[in-house]
Every structure is written in C-alpha cells, then in structure tokens.
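What follows is a short report on a single structure.
Values in this text are rule-based calculations from the coordinates and carry no lab data. Here the structure is a predicted model, which means the values were calculated and not measured. With ideal geometry, Cβ positions are generated from the backbone for all residues, glycine too; neighbour counts draw on all protein chains shown.
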C-alpha cells in the first residue's frame with residue numbers, strides 16, 4: 001500500500017491537483033486517495049468506475065480494439081481526468097485526478113499523469 005500512497009502524493013504534486021485516487025474499476029473502491037477537492041473522493045471514485053466500465057463496454061460492443069488512455073471531464077472550475085492503467089499488476093485499475101482549472105496546465109498535467117501511471121503496479 002505504501003507504493004500506492006506515494007503514487008497518490010506524486011499525483012497531488014501536479015500543478016493544480018486538488019484530489020487523486022487510485023481506483024478498482026470492478027468494485028469502485030479507492031485503493032489509495034488524497035487531497036481536498038471539495039467533495040467526497042470515495043463517492044467520486046465509485047461513480048467514475050461506472051464511467052470506465054460503460055466506456056469499455058461500449059468499445060466492446062463497437063468492436064473497437066485498443067485501450068483507453070484517459071477520459072477528460074471538463075467542468076466550469078475543474079478538470080477530472082480518468083487514466084486507465086494497463087501496466088503489469090495494475091489491470092482493472094484507474095487513476096482519478098481532479099484539477100483546479102485556474103491553476104492547472106492540462107497538457108502538462110496529462111503528460112505527468114501518464115508518467116506516474118506507467119510506474120504504478122500492485
């Protein structure tokens with residue numbers, strides 16, 4: 001679990017990050033989380049697992065091969081990034097990252113998120 005907690009801290013060090021969680025998409029349970037985005041990260045993790053599962057099911061129904069890199073949800077004051085993990089031992093997990101739009105550079109955040117996600121293994 002220490003590795004997950006360090007990964008969450010690395011995610012929170014991204015400019016503009018206010019919350020981060022590493023989530024099991026099957027159960028919706030956050031395996032690690034941190035930050036203060038202004039809402040309950042546990043509830044958000046569970047809800048966003050539905051988003052990931054729905055997108056994967058839609059891809060399957062459409063016969064689309066490949067994998068999801070990330071899903072971006074843009075709100076008035078926040079960006080919500082969902083990064084589906086695919087590394088060894090991380091299958092079925094995703095990162096949920098909340099960014100303050102006024103403080104975040106979306107391109108740089110996505111770049112750093114990809115680098116951190118590539119190192120996560122369970």
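Take the conditions in contact (Cβ under 8 Å) with a residue 12 or more places away in the chain, surrounded by 20 or more Cβ atoms within 10 Å (Cβ to Cβ) and either in contact with a strand residue (DSSP E or B) (Cβ under 9 Å, 6 or more places away or on another chain) or under 22 Å from residue 108 (Cβ atoms) (or both) and apply them to residue 46. Does it pass?
Answer is no for this residue.
Might you check whether a residue that is in contact with a strand residue (DSSP E or B) (Cβ under 7 Å, 6 or more places away or on another chain), surrounded by 18 or more Cβ atoms within 10 Å (Cβ to Cβ), in contact (Cβ under 8 Å) with a residue 40 or more places away in the chain and at negative phi occurs anywhere in region 56-71?
No, because not a single residue in region 56-71 is in contact with a strand residue (DSSP E or B) (Cβ under 7 Å, 6 or more places away or on another chain), surrounded by 18 or more Cβ atoms within 10 Å (Cβ to Cβ), in contact (Cβ under 8 Å) with a residue 40 or more places away in the chain and at negative phi.
For the structure I just gave you, tell me whether residue 51 is in contact with a strand residue (DSSP E or B) (Cβ under 7 Å, 6 or more places away or on another chain) and free of Cβ contacts under 8 Å to residues at least 40 places away in the same chain.
In short, yes.
Within region 84-112, track down each residue that is in contact with a helix residue (DSSP H, G or I) (Cβ under 7 Å, 6 or more places away or on another chain) and crowded, with 23+ Cβ neighbours inside 10 Å.
Residues satisfying the conditions are 94, 95, 96, 97, 99.
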